[in-house]
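First comes the structure, then the notes that go with it.
The values are calculated or read from the model by the stated rules, or taken from the named source; none is laboratory data. These figures come from a predicted structure and were not determined experimentally. Here the Cβ positions follow ideal geometry from the backbone for every residue, glycine too, while neighbour counts run over all protein chains shown. When the accessible area is computed, the model is the full protein with side chains, heavy atoms only, and any ligands, DNA or RNA have been set aside. Shrake-Rupley method; radii C 1.70, N 1.55, O 1.52, S 1.80 Å.
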Amino acid sequence: MNYILHSVPPNVPFPHLRTSPPAHDSLAATSTAALHNAPLRIIAKTTSKEKPQKQEDDYHSTLKALNSKGRFPRKSLGQHYMLNASVNEELVAAANVTEGDIVLEIGPGTGSLTNALVTAGATVLAIEKDPYMAAVVRERFAGLDRVKVVEEDFTRSNIRSHMSSILLSKTPSDGNSSPAKVVANIPFNISTDVVKQLLPMGDIFSEVILLLQDEAALRLVDSSLKSSEYRPINIFVNFYSDPEYKIKVSRTNFFPQPKVDAAIAAFKVKKPTDYPRVSSIKSFFSMVNSAFNGKRKMLRKSLQHICPSSDIEAALSNAGLLPTSRPEELTLEDFVKLHNLIVKT
Ligand SMILES: C[S@@+](CC[C@H](N)C(=O)[O-])C[C@H]1O[C@@H](n2cnc3c(N)ncnc32)[C@H](O)[C@@H]1O
């Protein structure tokens, strides 16, 4: 499916953008006085006791949440907030979130997606790097024990340990807990870290649903051979998951509006027992990386440090491939066959 979700009415006013400092200001460069004098502050004060389910998460409530902490969206943290509840619902639906599910959310921001997850019945572990936004989400869901906010940088977080404690505390008495899910509108600049860290966690997660930059979603999901975009990350994604490009999401749905469109990408995470059979995952990816290091080189040359060219040629032909093959001509299955023929562990 490839359609564009536009929902924010084109006439939504952004009056402060005409008169105030750029909304996508680097906070480091903004003085405290400037922040306190910013026109954003004229918007009504927030009340932390509001019931999350009743909030609209539109432009005004997003500003209200930011104002409650005197914040401007920070470019360095990829802070583009979602203004369209139906995009959040698409994310929740893509993960098929139902009552009792445990969901990891990265970067809850003002809590708009968190709210959609909670409404669907999930228990949410939300990891937020910005201490001010972590405070906004904590206040918003105060008293709701189904939301746990951890103020941390996802790229430095020990997700396995966070998830283990939450999964343990929610394990039913029969001991059969369902796998957790990831649903997140992430800052575009940590997309690769997120994918690399989460997809190999098939013992914990069954679905990873991400709102990514459109181009990144296409690159990660489409693994067409011979394309200049075909990279080791495509082999990685397909090794650990079944990826799917779901929906294109227009940039007009975010505040502030990014320069690029976004898309929902769904990764059905494989259980470790379903990974392709390789003698060593570490040596498999090391071989794939070496193969792509010499992208225009033939494999019989770029993999020479593993075994002699003649052995590589023999292995390629054994795998039904030409002795002159280059990395962009091999599927995941081809790489698996080649690895198992040439790497002795
Ligand atoms: C694109 S915004 C999305 C906010 C919210 N989920 C929404 O849909 O409106 C990204 C969020 O991730 C947070 N963030 C940025 N880098 C992060 C990191 N390394 N770890 C955790 N959160 C991060 C930002 O502070 C921001 O709240």
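Using θ = phi - 60° in the Karplus curve 6.51 cos²θ - 1.76 cosθ + 1.60, the 3J(HN,Hα) couplings for the stretch 310-318 round to 4, 5, 5, 4, 5, 5, 4, 5, 4 Hz; x is entered for Gly and Pro. Accessible area per residue for the stretch 103-255 is 38 Å², calculated with a 1.4 Å probe on protein heavy atoms, without ligands, DNA or RNA. Computed about the Cα centre, the dipole magnitude for the stretch 181-242 is approximately 140 debye when only Lys and Arg (+1) and Asp and Glu (-1) carry charge, each at its Cβ.
Tell me the carbon and sulfur percent of the accessible area for the stretch 66-196, rounded to whole percent, probe radius 1.4 Å. Here carbon and sulfur together make up 46 percent of the probe-accessible area.
Placing Asp58, Asp130, Asp261, Asp203 in order of accessible area, with the largest value first and a 1.4 Å probe, yields Asp203, Asp58, Asp261, Asp130. Stokes-Einstein diffusion of the stretch 183-297 at 37 °C, 0.692 mPa s viscosity, Kirkwood radius from Cα pairs, rounded to a whole number: 218 µm²/s. Against the criterion of solvent-accessible heavy-atom surface with a 1.4 angstrom probe, His60, His305, His339 sort, most first, into His305, His60, His339. A cut-off of 5 Å between modelled amide H atoms, ignoring neighbours fewer than 5 places along the same chain, links Ile186 with Leu211. Extension gain for the segment Lys297 to Glu151, taken as residue separation times 0.36 nm less the Cα-Cα distance, is 48.1 nm to one decimal. Residues Phe141, Phe236, ordered by accessible area of protein heavy atoms at a 1.4 angstrom probe radius and largest first, appear as Phe236, Phe141. Taking label points 7 Å from Cα along the Cα-to-Cβ direction, Ser76 and His162 give a separation of 2.1 nm. Entry note: the stretch 247-345 has Rg to Rh equal to 1.18, where both radii use alpha-carbon atoms and Rh is the Kirkwood radius. For the stretch 281-345, carbon and sulfur atoms together expose 51% of the accessible surface, with a 1.4 angstrom probe and every protein chain in place.
In the stretch 90-205, Rg over Rh equals 0.93, where Rg is the alpha-carbon radius of gyration and Rh the Kirkwood radius from pairwise Cα distances.
With a cut-off of 12 Å between beta carbons, the residues surrounding Phe154 carry a summed charge of -4, where Lys and Arg count +1 and Asp and Glu -1. The amide H of Ile247, built 1.01 Å from its N in the peptide plane, has Ile264 as neighbours under 5 Å, considering only residues 5 or more places off or on other chains. Measuring how big the stretch 61-146 is from its alpha-carbon positions, Rg and Dmax come out at 12.6, 35 Å.
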